[in-house]
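Heads up: the structure comes next, in structure tokens.
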Amino acid sequence: MPDDVWPISAEHPGPRSLRSANGIGFEFKGFTRKDESGYCFATRWFMVFGLPIAPLGRYYVRDHGIDPAGTNHLTITTRYEIAGWSRVRAPEVARTYAYGWLTPAAILAPLLVLLGHADYLPWWLPLVALVVWPLTTIPLTVAMLMYYRDYLAPQRKPNWQASP
């Protein structure tokens, strides 16, 4: 079933900012799979320390990739073309919360359990675990997210509307 999309207008000008500093700010999350035109739906989120706090709006966007002029050693700027806005979808919000909050917990929980028992283990085991576990789980998690976004995420078709 197509999603209703309204064009960007003076009433709904689109997001004013997608900036963040020190992990606090705004980001697009919850991307759907791209359609034939290269556009997808994404929800703008207020983030704190990389964790999704509140959805602020849903947009029909095209990712133009990393902007070389906006890239330096501290920041990476991704350019988006925003064609329209849509209503926030509860399943996309739930998936974003689940991925955003459960993934860090799943990465940290085994380490915390291991460190809680560190007195009873050989000295090198907690040390190796602190290095090996994040170096394997974080790239694997990022790869799974990229695979989901490109192949498994729902593909939504826009149903353009004149006015809300």
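Assess whether T96 counts as being touching a residue at least 24 places away in the same chain (Cβ under 8 Å), out of contact with any strand residue (DSSP E or B) (no Cβ under 9 Å at 6 or more places or on another chain) and not aliphatic (A, V, I, L, M). No, not satisfied.
Return the residue satisfying two criteria in turn: it lies in region 85-104 and is of a type in the set (A, V, I, L, M, F, W, C) and surrounded by 17 or more Cβ atoms within 10 Å (Cβ to Cβ), and of such residues it is nearest to Y59 (Cα to Cα). Step through it out loud before you land on a result.
Applying the first criterion (of a type in the set (A, V, I, L, M, F, W, C)) to region 85-104 yields 85, 88, 90, 93-94, 98, 101-102.
Now restrict to residues that are surrounded by 17 or more Cβ atoms within 10 Å (Cβ to Cβ): 85, 93.
Numbers: W85: 4, V93: 13 Å.
Ranking the candidates gives W85 first.
Of all residues in region 5-21, those satisfying the criterion of being outside any loop (DSSP other than H, G, I, E, B) and either more than 22 Å from the chain's Cα centre (by Cα) or more than 12 Å from G84 (Cβ to Cβ) (or both) are W6, P7, S20, A21. Take the residues in region 118-164 that are open to solvent by 60 Å² or more (accessible area, probe 1.4 Å) and hydroxyl-bearing (S, T, Y), then tell me which one is nearest to V93 (Cα to Cα). In this case the residue turns out to be Y148. Among the residues of this structure, L115 does not count as one that is open to solvent by 90 Å² or more (accessible area, probe 1.4 Å) and either at pLDDT below 90 or not in a helix (DSSP H, G or I) (or both).
Residues that are open to solvent by 70 Å² or more (accessible area, probe 1.4 Å), closer than 17 Å to R87 by Cα and in a strand (DSSP E or B) occur in region 53-64; there is at least one.
Pick from region 69-79 the residues that are open to solvent by 70 Å² or more (accessible area, probe 1.4 Å) and either modelled with pLDDT of 65 or more or among the hydrophobic types (A, V, I, L, M, F, W, C) (or both): which of them is nearest to W6 (Cα to Cα)?
Filtering region 69-79 for residues open to solvent by 70 Å² or more (accessible area, probe 1.4 Å) gives 69, 72-74, 76, 79.
From the residues that got through so far, the ones that are either modelled with pLDDT of 65 or more or among the hydrophobic types (A, V, I, L, M, F, W, C) (or both) too are 69, 74, 76, 79.
Numbers: A69: 31, L74: 35, I76: 29, R79: 21 Å.
Step by step, filter region 69-79, then rank; the result is R79.
Residue-wise test of (1) of a type in the set (K, R); (2) under 23 Å from P52 (Cα atoms); (3) out of contact with any helix residue (DSSP H, G or I) (no Cβ under 7 Å at 6 or more places or on another chain); (4) modelled with pLDDT under 90.
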site: A94; (1), (2), (3), (4): no, yes, yes, no
site: A106; (1), (2), (3), (4): no, yes, yes, yes
site: P110; (1), (2), (3), (4): no, yes, no, yes
site: A129; (1), (2), (3), (4): no, no, no, yes
site: W133; (1), (2), (3), (4): no, no, no, yes
site: M144; (1), (2), (3), (4): no, yes, yes, no
site: P158; (1), (2), (3), (4): no, no, yes, no
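The values are calculated or read from the model by the stated rules, or taken from the named source; none is laboratory data. Keep in mind it's a predicted model, so treat the numbers as computed, not measured. Note that each Cβ is placed from the backbone with ideal geometry, even for glycine, and that neighbours are counted across all protein chains shown. Accessible surface areas use protein heavy atoms only, side chains included; no ligands, DNA or RNA. Shrake-Rupley method; radii C 1.70, N 1.55, O 1.52, S 1.80 Å.
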